[in-house]
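First comes the structure, then the notes that go with it.
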Amino acid sequence: NGAVPGERGKQDKSVKRGNWGNQIEFVLTSVGYAVGLGNVWRFPYLCYRNGGGAFMFPYFIMLVFCGIPLFFMELSFGQFASQGCLGVWRVSPMFKGVGYGMMVVSTYIGIYYNVVICIAFYYFFVSMTPVLPWTYCSNAWNTPDCAGVLDGNLSSRAAINLTHLLNATQKRTSPSEEYWRYWGGAGGWGRRWWRGPADAGCPLRRRYVLDLSDDIGNLGEVRLPLLGCLGVSWVVVFLCLIKGVKSSGKVVYFTATFPYVVLTILFVRGITLEGALTGITYYLTPQWDKILDAKVWGDAASQIFYSLGCAWGGLITMASYNKFHNNCYRDSIIISITNCATSVYAGFVIFSILGFMANHLGVDISKVADHGPGLAFVAYPEALTLLPISPLWSILFFFMLILLGLGTQFCLLETLVTAIVDEVGNEWIIRRKTFVTLGVAVVGFLLGVPLTTQAGIYWLLLMDNYAASFSLVVISCIMCVTIMYIYGHRNYFKDIEMMLGFPPPLFFQICWRFISPAIIFFILIFTVIQYRPISYNDYIYPTWAISIGFLMALSSVICIPIYAIYKVCCSEGDTLLERLKNATKASKDWGPALAEHRSGRYAPAFSSSTESHLEVQPLQPEKGRSEAAAASPVQGSNGSAHSQDSRL
């Protein structure tokens, strides 16, 4: 377990904060955190669009030089201090605003991520029928443009179907698309009419799930089915975190492993279908000319960065519950490679089914390939209707999406709760951590209610595109620079050696100091250059909505300079330079949380301020307090008294 020789008698557990029950719980939780919806609905499409197999080369280059080093840095950072994303910044108090920025980002993501999970819950529940509701065009919400591939009059619709698919001016609308999407057009959803054979003169019926309005500012009514599913989603998350990592560590045995069972079932079913090989060929065929395209490298770097969950604060939080001598170096490699392998594996699952669907329709696979919500709630569900016993495959698919989402949501909520509890830090709030978790869950549910309105998908995509985009890159870059150049790379390397028993390998030292910050800066420049105003299908977001998006992005980054100015003003010193030095210098209570691990330059030299942050725990509590009282005090190097009792 990475324990340093000669320290066999030390207790490596934190009674005050708690620890993972065993190391498998931490690894599974981190895998569940890193492996999310993006691995299924974003990576396969990126790979297909950016040169197929050729995209794998820049993808794995970015994994080695940026993904794994950053992952290892955040795990070691949180594990060494045994603190959440706020407490770790005792390493350089001036930059505690980075921790607040992580909290803001996790808040935004936690709000809209659970809405995506609630939509998956909705599809999961409605799949429990003999026939999936988006199979045919005979439903009340369908329009004359609907062309289902399994309708009874398919033979008469075949020509129309292909025409709609291939004609840019008259695009086919599938029943799954009408089930999911909205009314378009200048007239809006409440002012357009059509006459169906059985509904002459009736108002146009709205689409079923979203019932989308015509503008982001037109919230309309709350979609009660989605609101109910959102409540279910938050209740599930709260119950799984009711005892913190003690309860979530048990839940992940199922939530982190069962998605792989479902992926394997869907993969085996997919590759047995006609046309599956064509889809997989589209997915993997290398287009080596694209490897020289800067956009391909930018997409690879961005996907690695966002997929691993760097700079969200979750990795620091999860690692803070590790035992001090846990080998987080090994864990970071295992988790990072597992995350990327899952993305590649999911591509086979997705494109085998899409290849079957394209073959069934007689069109090119580019006509059915999609990403994001369009893949999860339109293209893939429609493909599932072509399979025998389609409700079973639909239930499995959406159950997998739910579990993938919950694994990430657990860590997002725990990040916020841990940061609050660690920041307050007294016994009262530690004993009432469950109520803090409940409070955060209730606030998250209330803030998610607007996303269940008729304009909810607009706001969800706005938050997804702006709240957690370039701000994450800025936060991660500042974290690297602070640890390596302000705290000092030599100090940090010594900390890791004290924790693991060996210094970080030379490769990681070089990546942390030079290569990873350069790649992060490249991602930032690429994000700025490739920026395009957000749109959803044919809807163009108004300027005021995009301005709100930028404000959300800035709200996390602005925490860094605001707190830095505050800390400099509060620091001691007669000149600005002295104040800066004192504000960036590591706090006296920076270091291992348990006193028994504070050796070398962290050797006990207690003051009243330090004692409040260190957890002193006896190796032999059964001896009672009498021996503690009899222990003789000894003067520390700074003149303060501390106990020489062998129990420390």
_Karplus 3J(HN,Hα) series, Hz, for the stretch 262-270 with 6.51 cos²θ - 1.76 cosθ + 1.60 (x for Gly, Pro)_ = 5, 4, 5, 4, 5, 5, 4, 5, x
*asked:* Given contacts defined as C-alpha pairs under 8 Å and at least six residues apart, what's the relative contact order of the stretch 533-611, whole-number percent?
replied: 13
*Measure of size requested: the Rg and Dmax of the stretch 444-518, with Cα atoms as the atom set and Å as the unit; please supply both.*
19.5, 56
*Restricting things to alpha carbons, tell me how big the stretch 241-289 is in terms of Rg and Dmax, in Å.*
18.1, 53
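Based on the alpha-carbon gyration tensor of the stretch 507-584, what equivalent-ellipsoid semi-axes (square roots of 5 times the eigenvalues) come out, in whole Å, largest first?
Computed over the stretch 507-584, the values are 35, 23, 8 Å.
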*For the stretch 221-369, with +1 on Lys and Arg beta carbons and -1 on Asp and Glu, the positive-most of VAL261, PHE305, PHE351 along the dipole*: VAL261
*Under a 5 Å amide H to amide H cut-off, with H placed in plane at 1.01 Å, what residues pair with TYR536 once short-range neighbours are removed?*
TYR541
*asked:* What distance in nm lies between label points placed 7 Å from Cα along the C-beta direction at TYR485 and VAL424?
replied: 3.8
_Under the rule of at least 5 residues apart or a separate chain, name every residue whose amide H is placed under 5 Å from the amide H of THR173._
ALA147
*Using Cα pairs closer than 8 Å and at least 6 residues apart in sequence, work out the relative contact order for the stretch 270-375, in percent.*
55
*Peptides 319-330, 426-437, 401-412, 16-27: what's the order by average Cβ count within 10 Å, highest mean first?*
401-412, 319-330, 16-27, 426-437
*Taking 1 over the mean of 1/r across every pair of different Cα atoms in the stretch 220-332, what Kirkwood radius in Å do you get?*
19.2
_Alpha carbon convex hull of the stretch 381-428, volume per residue in cubic angstrom_ = 71
*Starting with the highest mean, order 513-526, 571-584 by the number of other Cβ atoms within 10 Å, averaged over the residues of each peptide.*
513-526, 571-584
*How big is the shadow of the Cα convex hull of the stretch 1-117, averaged over all directions, in nm²?*
10.8
*asked:* Need the full-extension length gain, ILE562 to PHE493, defined as separation in residues times 0.36 nm minus the C-alpha distance. One decimal, nm.
replied: 21.9 nm
*With an 8 Å cut-off on Cα pairs and a minimum separation of 6 or more residues, tell me the relative contact order of the stretch 298-434 in percent.*
25
*Give, in nm to one decimal, the length gained when the segment between THR285 and LEU392 is fully stretched (0.36 nm per residue of separation minus the Cα-Cα distance).*
35.4 nm
*For the residue pair LEU554 and ILE333, what label-to-label distance in nm results when each label sits 7 Å from Cα along the Cα-to-beta-carbon direction?*
4.4
*Taking 7 Å along the Cα-to-C-beta vector as the label spot, tell me the VAL64-PHE254 distance in nanometres, rounded to one decimal.*
4.1
*With a bin width of 10 angstrom, please list the P(r) values of the stretch 410-491 as percents of all Cα-Cα pairs, from the 0 bin to the one holding the largest distance.*
15, 27, 32, 22, 4, 0
*Mind checking the dipole of the stretch 277-433: about its Cα centre, +1 per Lys or Arg Cβ, -1 per Asp or Glu Cβ, Debye to the nearest 20?*
320
*asked:* Suppose every Lys and Arg Cβ carries +1 and every Asp and Glu Cβ carries -1, with no other charges. What dipole size does the stretch 355-433 come out with about its Cα centre, to the nearest 20 debye?
replied: 200
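The numbers here are math on the coordinates, done by the rules we state, and not lab data. Predicted model, so just to flag it, every value in this text is computed and none were measured. All Cβ positions, even for glycine, are placed from backbone atoms using ideal geometry, and neighbour counts span all protein chains on display.
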